[in-house]
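Here's the structure, in structure tokens; my notes come after.
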Amino acid sequence: MLIIFGGSFDPPHKSHVDMAKYLSKIGKTLIIPAFCAPHKHGAAESFEDRVKMCEIAFGDIENVEISTIEKELGKKSYTLNTVKAIKETTKEPLALAIGDDMARSFDSWYHAEELAALCKIFVFARDGKTDLSALEKTGADYKMLDFKPKCCASSGFRKTLDFSLLPQGVTQYIKANSLYGVEELYKRELRRLLGDKRYNHCLNVADEAKRLAKLYGANTRKAYTAGLLHDITKELPQKEQLQMADDFGIIMTDLEKRAPKLWHAITGAAFIQNSLEIKDAEIIDAVRYHTTAKKDMGLLCKILYLADYTSADRDYDGVEQMREAVDKSLDEAMLIATQFTVNDLASRGLPIHPDTVEAFKQYKKR
């Protein structure tokens, strides 16, 4: 048997996962994110993001497959059209899994009787009971499933941003990509920890990082998140930053211990990973090295480093030339930026971090 389990999955939550696991023991289960659901005004997030979250949420469940068939059909996601398209690809008997709320209105679905003739209907009932008269009107062959999903809804998450409702991987994806307005939570945290000037700087760096990401083909949402959070611990007292480093098991080098201006990059990366639960390696790496740079920087890492140099609030001598350079070539701009840092620190007799030296040497060779 081939079981169709569709929905907006906006986002997929723990109850969805539990239901998919249950269905997978009955037969192969197709998870089908709706492309353009006829009964809704549109999903909060894109089809591509919802597919990615489904891959994260359901990908490890045996006998479960994610299908993008509704996008391939290229029209409103009437269940009848989806079922017909799937039926053309298999000789397996089909079943459609729905919730009891949908069962109560099944007779109002698009060509409900035709749909009922094509597949068996599996019904999840939250309280073990439901009104099945709408199904009976269509002559559907239905079965109440012996499984009670937890009372959880994607709309509930969207209203509350209660991440306890979601699988861990989905939570991490949402936080890294600033979906569902989660960036407003980050901004509130920035407001709590930073003064107005530094807060506005973070907004400007986020905007510049997003612009550069679009220019150079990086993930614009990750760039915005990294830019927003790059200075999140910069205004914490030195004693508190040292305690944070100790709490997170960070071991600083002797040079780093003597250079408090470097601490916020180190503690900031640890803070967003541990306190904000952003586990995306690219974002963490970008925040960690946005002050010193390093050898072999990734694309997002370079973008954040340079966005911090060229954001709209920067007004140092040479900033316009730096902005021109960053729009022409990231690597050329990295050379100019790291050379400026090395020369500036050397002229003031300040120690230069080995990571900065290595980055400068690497870009000088190119």
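Between amide H atoms placed 1.01 Å from N, distances below 5 Å from residue 96 occur with 4, 120, 121, 122, all of them 5 or more places distant or on a separate chain. Under Stokes-Einstein, with the Kirkwood radius over Cα pairs as Rh, the value for region 279-319 at 37 °C and 0.692 mPa s is 305 µm²/s. Here's the picture: charge each Lys and Arg Cβ at +1 and each Asp and Glu Cβ at -1 in region 2-158, and of 56, 19, 156 the one pushed furthest to the positive end of that dipole is 156. Taking 259, 223, 293 in turn, the Gaussian network model of the chain (Cα-Cα springs below 10 Å) assigns the largest fluctuation to 259. Sorted ascending by nearby beta carbons within 10 Å, beginning with the fewest, 104, 348, 188, 211 become 348, 188, 104, 211. Placing +1 on each Lys and Arg Cβ and -1 on each Asp and Glu Cβ, with no other charges, gives the chain a dipole about its Cα centre of roughly 60 debye. Of the two radii for region 248-340, the radius of gyration is 1.00 times the Kirkwood radius, both from the alpha carbons; that is the Rg over Rh value.
Can you give the alpha-carbon Rg of region 2-158 over 2.2 N^0.38 Å, where N counts its residues?
Values: Rg = 14.5 Å, N = 157, 2.2 N^0.38 = 15.0 Å.
Ratio of Cα Rg to 2.2 N^0.38 Å: 0.96.
For the chain, relative contact order (Cα pairs under 8 Å, six or more residues apart, normalised by length) works out to 12 percent.
Averaging Cα coordinates gives a centre for region 61-116 and one for region 145-174; these two points are 23 Å apart.
What do you get when you divide the Cα radius of gyration of the chain by 2.2 N^0.38 Å, with N the number of residues? Can you show the working numbers first?
Working: Rg = 26.0 Å, N = 366, 2.2 N^0.38 = 20.7 Å.
Rg over 2.2 N^0.38 Å, computed on Cα atoms: 1.25.
Mean separation of Cα pairs under 8 Å and 6+ residues apart, divided by the residue count of region 182-365: what relative contact order is that in percent? So the answer I get is 21 percent. Computed over the chain with a Gaussian network model linking Cα atoms closer than 10 Å, the most mobile of 350, 276, 80 is 350. Rounded to whole numbers, the Karplus 3J(HN,Hα) couplings from phi for region 313-329 are 7, 6, 9, 6, 4, x, 5, 5, 5, 5, 5, 5, 5, 5, 7, 9, 7 Hz, using 6.51 cos²θ - 1.76 cosθ + 1.60 with θ = phi - 60°, and x at Gly and Pro. Charge dipole (Cα centre; +1 on Lys/Arg Cβ, -1 on Asp/Glu Cβ; no other charges) of region 1-83 amounts to roughly 280 debye. Taking a straight line from the alpha carbon of residue 25, these lysines sit under 17 Å away, with near neighbours fewer than eight places off in the same chain left out: 120, 143, 148. What's log10 of I(q)/I(0) for region 115-249 at q = 0.10, 0.17, 0.18, 0.22 Å⁻¹, Debye sum over Cα points only, no solvent? Debye intensities relative to I(0), on a log10 scale: -0.58, -1.01, -1.09, -1.28. When the pairs 187/210; 294/361; 257/302; 14/84; 52/279; 71/137 are compared against a 20 Å limit on Cα-Cα distance, 257/302; 14/84; 71/137 fall above it. Given contacts defined as C-alpha pairs under 8 Å and at least six residues apart, what's the relative contact order of region 286-366, whole-number percent? The normalised contact order for region 286-366 reaches 35 percent.
D by Stokes-Einstein for region 99-138, Kirkwood Rh over Cα pairs, 20 °C, 1.002 mPa s: 209 µm²/s. Applying 1/(1 + (r/R0)^6) with r as the Cβ-Cβ distance of residue 73 and residue 44 and R0 = 35 angstrom yields a FRET efficiency of 0.95. The phi torsions of region 235-250, fed into the Karplus equation with coefficients 6.51, -1.76 and 1.60 and a -60° offset, translate into couplings of 9, 5, x, 4, 4, 5, 5, 5, 5, 4, 4, 5, 4, 8, x, 8 Hz, rounded to whole numbers, with Gly and Pro shown as x. Backbone geometry of region 73-79 corresponds, through the Karplus equation with coefficients 6.51, -1.76 and 1.60 at θ = phi - 60°, to 3J(HN,Hα) couplings of 6, x, 8, 3, 7, 5, 4 Hz, x marking Gly and Pro. Scaling the Cα radius of gyration of region 182-365 by the globular reference 2.2 N^0.38 Å produces a ratio of 0.97. Mind telling me which of 14, 137, 71 comes out most flexible in a GNM of the chain, alpha-carbon contacts under 10 Å? Per the Cα network of the chain with a 10 Å cutoff, 137 tops the list.
None of the figures in this text is laboratory data; all of them are computed from the coordinates on show. Source: prediction; values computed, not measured. Please note: Cβ atoms are built from the backbone with ideal geometry, for glycine as well, and neighbour counts cover all protein chains shown.
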